[in-house]
Amino acid sequence: MGTAPQPQRRPAAAGLLALTGLIALCVHAATSGVRPNAAGRTAGAMPAPSAAAAPLSADTGTAHAAAMAAPAPGTRDTVLAGPHVPRPSGTPCTVELFRDVEIPIAHFTSWDGHGRFAYAPPPACPGPWAKVILKVALRNADPDSYLDGVEFAYVSIGDVPLYSGAAADNDVPTHWRVERDVTDYAAVLRTPNEGAMEIQALPRFGGVFQAPYYMSATLLFYPANTANRAPRVPDAAYPLAPDHGWREVGGRAGTLAATLSLPRNVERAYLDVMAHPRAHDVLWFTCMPNAAIAAFPELRSPLAIGTGQFGLEGEPPPQGCGEGGFREVQVSIDGQPAGVVPVFPRFPPKFNALWNTPALLQPAPPPQALNFMPYRVDLAPFAGLLSDGAPHVVALSVAGRESEARFSDFQLSGTLLVYRDRGGARVTGQVTRNTLAGQPPAPNVSSTLARDAAGVVSGSVVTRSTRSYAIEGYVDTSRGRIRSTVERSVRFENVLVPEAYDGPGDAADRYSLGVGLASSVSGTSRRYLAGKLIAEDREYIAYPLTLAYRYRGARLQQAYVQRTERWRPGVTRYYTHLLHEVDLAYVPGDAGAPALEWRGDQRYLFRDSYASCYRTDVRTQGGALAEFREGTDCPGGVNRLFWAAHPDGSPDGLGWAK
């Protein structure tokens, strides 16, 4: 195919929905265990907490109304369904990090030292703090921004990432605000430090080069009081990437590793990990095996889903990707496997250069599109090893690409959070069991792809990976021996259903792809002091995704599911349930004609056993907000949140229950 494809007949909306139905049948087995049903429940998960929860004690405060200013129907500006971070009582001290910094180019921090700022804690609020909240605001002045398809933005202090996300891409000037609970990183915020901010994107080759993005960030420090006590937070935070907290891994440099010298009294440790696909791996969950690409080159059609851009001469970019549809982050300590991190299938606005794909996500983007949450790995069984006085290498690597000569294209971040023994300067201990060792990722791939007599390539590619492991260890502290156990079950299944035809002329070419992804992690962590249980944490996280893609048409169904159950002595068992699900569809019409289908439905639900109940329902039509409802099924029809809750799905160390 030597020329750019000519405009094709647009698929009817009914045809796209029929494709979605076919895909649903193909992937039913893969997603039935994690897809939320109409009642918001998830198979195999823990029971949802009741909105009418047990009464709160005076030590834990109360659930407060969480109403936000509802966006006006008809707006085409960015609409977010999730809540703000819940506030404790009292007046916070405010530290403005920067305001309306103009970002005219990609990789702004690397350009002449821009994007860096000085940080100092607020003198009027020296701590301890009940909560610290980061507020970030981004906007662009023109939909034809110079930066095309912003993939990644971040704010860090002391090389510890406090926020990371991507950008909205609407057909009007747009702005959005996100928040993060950064209380667990208080150890970095207690002293002056250098901060950094950046947006990474590809430059847009076109006639508009003067429309920048603008970024602002503020920290809110809430002093502790009798109603909202200061939580027990990590005593130290160690970033794995010394350059602003992030490291690009690709080519042959496929590992983020740091050699750390830690204190001799580590009682427990956790690793907050964020993995952002970039470049060739942005749409990793749509990638075919290399053998399939070699046998059926039609799968690399310019009509396919992909992130390729037009070349300088305007030729159509090849789309599609190889290396298989499985990715996973491996955690290791001194080369010993220490944990597994699932990769969230973030769906970008730019997924084909030949048509207006960003419209699919306008104006209400899918889960984790603008505000990425870290995944916390429990490393408590390694506390004794980390305290032995020797340097230790903590490393992250991305598994899944089929070619050994090339690693995945990712931005990786890791922050090691350490709790120290406050009654002793030195502890000893060791890892006593590790069944993850000897279980490297080994996904099973099966394919029924074939080319029929008419030259049409069709069939399915199924990738499966299942692992269960247990890691145990102990540490002898000033309080006695603490034994820690971590059990996890990691399940992954990805079903790809392509159909491709490379005809005698460009007008005859066609391409479609169905994706059914089911990725989940479940497990329990426990700690025992002198044989008595002192902490228990259960978690279930799932990332189901179904995509029906056809050139000039797409439907996306995606959810973020999280259930947790936590217990500490003297505190009522704490349950949470988070569900953020979307159903988006876009089929453009002919040039100048209205879209054949352009709508979206979204629901955000959070409940906990401390009276939190938050629900928002969003409906969009034609790229604009049609309806925004709050508080459905909550007592009194009002959203309320417990001040210490994490309704965004961020890690919760339950420090308030110390």
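The values are calculated or read from the model by the stated rules, or taken from the named source; none is laboratory data. None of these values were measured; they are calculated from a predicted model. Methodologically, a virtual Cβ is constructed for each residue, glycine included, from the backbone with ideal geometry; neighbour enumeration extends over all protein chains shown. Calculation scope for accessible area: heavy atoms of the full protein, side chains included, ligands and nucleic acids excluded. Shrake-Rupley method; radii C 1.70, N 1.55, O 1.52, S 1.80 Å.
Have a look at S520, S478, S484, S489 and point out the one that is out of contact with any strand residue (DSSP E or B) (no Cβ under 8 Å at 6 or more places or on another chain) and either at pLDDT 95 or above or within 30 Å of A338 (Cβ to Cβ) (or both).
One residue alone meets the criteria, S478.
Which fully enclosed strands (runs of 3 or more DSSP E) of segment 537-607 have 2 or more residues being among the aromatic types (F, W, Y), touching a strand residue (DSSP E or B) at 6+ places or on another chain (Cβ under 9 Å) and open to solvent by less than 40 Å² (accessible area, probe 1.4 Å)?
Correct list: 574-587.
Can you confirm whether R629 is within 28 Å of R573 (Cβ to Cβ), in contact with an Asp or Glu (Cβ under 6 Å, 6 or more places away or on another chain) and either open to solvent by less than 40 Å² (accessible area, probe 1.4 Å) or not in a loop (DSSP other than H, G, I, E, B) (or both)?
no
Tell me, which residue of segment 465-486 that is under 22 Å from the mean Cα position of the chain (by Cα) and farther than 30 Å from P297 by Cβ is least open to solvent (accessible area, probe 1.4 Å)?
My answer is R467.
Looking at segment 500-532, which of the residues that are surrounded by fewer than 18 Cβ atoms within 10 Å (Cβ to Cβ), in a strand (DSSP E or B) and in contact (Cβ under 8 Å) with a residue 24 or more places away in the chain is farthest from the chain's Cα centre (by Cα)?
Here the answer is L529.
Okay, residues lined up against (1) over 23 Å from W129 (Cβ atoms); (2) of a type outside the set (A, V, I, L, M, F, W, C):
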| residue | (1), (2) |
| --- | --- |
| P234 | no, yes |
| P239 | no, yes |
| W246 | yes, no |
| T255 | yes, yes |
| L260 | yes, no |
| R264 | yes, yes |
| Y270 | no, yes |
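Look at segment 73-102 and say how many of its residues are open to solvent by 50 Å² or more (accessible area, probe 1.4 Å) and under 20 Å from R603 (Cβ atoms).
The qualifying residues number 3.
For segment 218-237, which positions are in contact with a Ser or Thr (Cβ under 7 Å, 6 or more places away or on another chain) and part of a strand (DSSP E or B)?
T218, L220, A237
Would you mind finding the one in D159, D148 that is modelled with pLDDT of 95 or more and either surrounded by 15 or more Cβ atoms within 10 Å (Cβ to Cβ) or closer than 23 Å to W656 by Cβ (or both)?
So the residue among D159, D148 that is modelled with pLDDT of 95 or more and either surrounded by 15 or more Cβ atoms within 10 Å (Cβ to Cβ) or closer than 23 Å to W656 by Cβ (or both) is D159.
Restricting attention to segment 224-235, report how many residues are open to solvent by 20 Å² or more (accessible area, probe 1.4 Å) and not polar (S, T, N, Q).
Here the count works out to 6.
I'd like the full set of residues that are farther than 17 Å from P337 by Cβ and modelled with pLDDT under 95, limited to segment 373-408.
Correct list: R401, E402, S403, E404, A405, R406, F407, S408.
Among the residues that make up segment 419-432, is at least one of them open to solvent by less than 10 Å² (accessible area, probe 1.4 Å) and modelled with pLDDT under 95?
no
Mind listing whichever residues of segment 396-418 are surrounded by fewer than 20 Cβ atoms within 10 Å (Cβ to Cβ) and either among the β-branched types (V, I, T) or in a strand (DSSP E or B) (or both)?
Within segment 396-418, S397, A399 meet the criteria.
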